[in-house]
1. Is there any pair linking a residue in segment 414-426 that is in contact (Cβ under 8 Å) with a residue 40 or more places away in the chain to one that is surrounded by 13 or more Cβ atoms within 10 Å (Cβ to Cβ) and acidic (Asp, Glu), with Cβ under 6 Å and at least six apart or on different chains, and which?
2. Would you be able to tell me the number of residues in segment 44-66 that are at pLDDT 50 or above and surrounded by 10 or more Cβ atoms within 10 Å (Cβ to Cβ)?
3. Here is a list of conditions, (1) aliphatic (A, V, I, L, M); (2) modelled with pLDDT of 95 or more; (3) over 14 Å from Val347 (Cα atoms), and Val408 meets all of them except one; can you say which number that is?
4. Out of everything in segment 146-174 that is among the polar types (S, T, N, Q) and outside any strand (DSSP E or B), what residue ends up being nearest to Val208 (Cα to Cα)?
5. Mind checking which residues of segment 197-237 are within 18 Å of Trp407 (Cα to Cα) and touching a residue at least 40 places away in the same chain (Cβ under 8 Å)?
6. How many residues does segment 129-178 contain that are charged (D, E, K, R), out of contact with any Leu (no Cβ under 7 Å at 6 or more places or on another chain), farther than 27 Å from Met402 by Cβ and surrounded by 15 or more Cβ atoms within 10 Å (Cβ to Cβ)?
7. Against the condition outside the structural domain of Ile205 (by TED's automatic domain parsing), in contact (Cβ under 8 Å) with a residue 40 or more places away in the chain and of a type in the set (A, V, I, L, M), how does Val352 come out, does it pass?
Amino acid sequence: MTATKAPIPTPRDEIVIPRRRFGGRLAVIVVVVLAAAAAVFLGLAAWGGIFSKDETAPRVTLDVPAEGAKYEGVIEITGSVADQSKLSEFSLVLDGADCTPAFELGGRRTVKFRFKLDTGLLADGRHELAVAAADARGNRAGTQVTFYVENHATVVELAFEPGRVDQGRTLVVKLNANKKLYDLEGKLWDQKFPFYKTADGFTSIVGVRASCPPGEYPVVVAGYDVYDEAVELKGTVTVADGGYIKEKIVITAPDKKKIFDPALEEKKMLEYRKVQGIITRRRDEQLWAGTFAMPAEGRITSPFGTYRTFSTGGESRHLGVDIANKEGTPIRASNRGEVMLAEGLIVRGNTVILDHGRGVFSIYNHLSAVAVEPGQTVEKGQVVGYMGSSGLATGPHVHWEMRVFKWVVAPLQWTKTTFTYRPPEDEEKALQEVERGYEEALAAAPPEAKESTGGHFKAGELIPDMEGAD
């Protein structure tokens, strides 16, 4: 419902009250007949020991506007109210605002009304008009209609930034609209994604799946307009090859080989579902601002998106970036967020998951220890744990993973490009606040690192992570 101040009826607006006309002998006859009828009624009622009670509600009609109709310009609202008893109350309410013309009911039983409404004073879209009445005996009735105003043509443009995107990278989809839209959902390949209202329309930050084959793809956005009618917009995006390499991972440590034990499959599946349950939640608030920071110092030993085969059997795609350094190296939050998980998992090892809002998550795996608790809000640069080799890892490192609406994306893109739903001035203000927190977090002394229970890193050895398909 559009919250717009209801136009007040103009002096031309009318309340028509039918006149009763009695004249001469006819009036006398009518009075006598009515008096006799009343005497008979009262006598019967007294003989029966009871008086009848009028419980009939007033009859309320609204002729214009019609239910579900569209209007433009000036229209005339018409309708009537009638009751066998005297009317005591009458009201007209437009979009929650009282617009009842000033007049006296004067004990009348019937009121016909009409007044002019300039729809140009209302926002385009849905509106509600309600008529209510009550009689002298307290019986009430009313009616309500939903109608639509369309004084301006709807303009919606679909745009992509960029129009050509590599596999596993982040795409921004924008809808520039001059009217409100509702329940918007987009689809690219087999991915669905929601939209959020922004200053100039609607925006969605979309992670294009690394497994999406290169090619031209239609982007279809469906939803509803202010007239409650279905809308559909279409565009085309080019998905380019991500240039992913292949790796062979050799697992030698006995404790790591045990992770592939079929007896653990059920437990691993439960952990997988737990993580999925977290990263598919949606917080409306955007907590992050600006670019994301690397979570640790070190060298990248395995890039995002590589195809992996394991010496123990099986294959997968690497869903994050591996950063290796000595054990106990502080792992820092890549941006402001809320801790959603901080515990040990079979494959991922000691893990921290941060919710940055609006479907964006970062994940930090294989920690020797965690330094935060679920529910805690952390600043960009705040220590969330320490580098280790817990879970399926052959040496100390952090597997840094980012998700957008549950799909994995290349984390390094977020360190170079700012993705935001905020208008520029709000983003700048939020960025200043986040960067102050970042500087304070970097200056603070990290807590004492706990001893790792992981394995040993060998120079040149690949560091595996097997989180499943993207």
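The values are calculated or read from the model by the stated rules, or taken from the named source; none is laboratory data. Note that the structure is predicted; figures quoted are calculated from it, not measured. Positions of Cβ are backbone-derived with ideal geometry, glycine not excepted, and every protein chain shown enters the neighbour counts.
1. Thr420/Glu427
2. 12
3. (2)
4. If we take residues in segment 146-174 being among the polar types (S, T, N, Q) and outside any strand (DSSP E or B), then Gln167 is nearest to Val208 (Cα to Cα).
5. Result: Thr203, Ile205, Val206, Gly207, Val208, Arg209, Ala210, Ser211, Cys212, Pro214, Val219, Val237.
6. 2
7. Numbers: outside the structural domain of Ile205 (by TED's automatic domain parsing): yes; in contact (Cβ under 8 Å) with a residue 40 or more places away in the chain: no; of a type in the set (A, V, I, L, M): yes.
Taking the combined requirement at face value, the residue does not satisfy it.
Matching residues to (1) over 32 Å from the mean Cα position of the chain (by Cα); (2) β-branched (Val, Ile, Thr); (3) outside any strand (DSSP E or B); (4) in the same structural domain as Arg282 (by TED's automatic domain parsing):
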| position | (1), (2), (3), (4) |
| --- | --- |
| Gln84 | yes, no, yes, no |
| Phe90 | yes, no, no, no |
| Leu117 | yes, no, no, no |
| Asn176 | no, no, no, no |
| Gly186 | no, no, no, no |
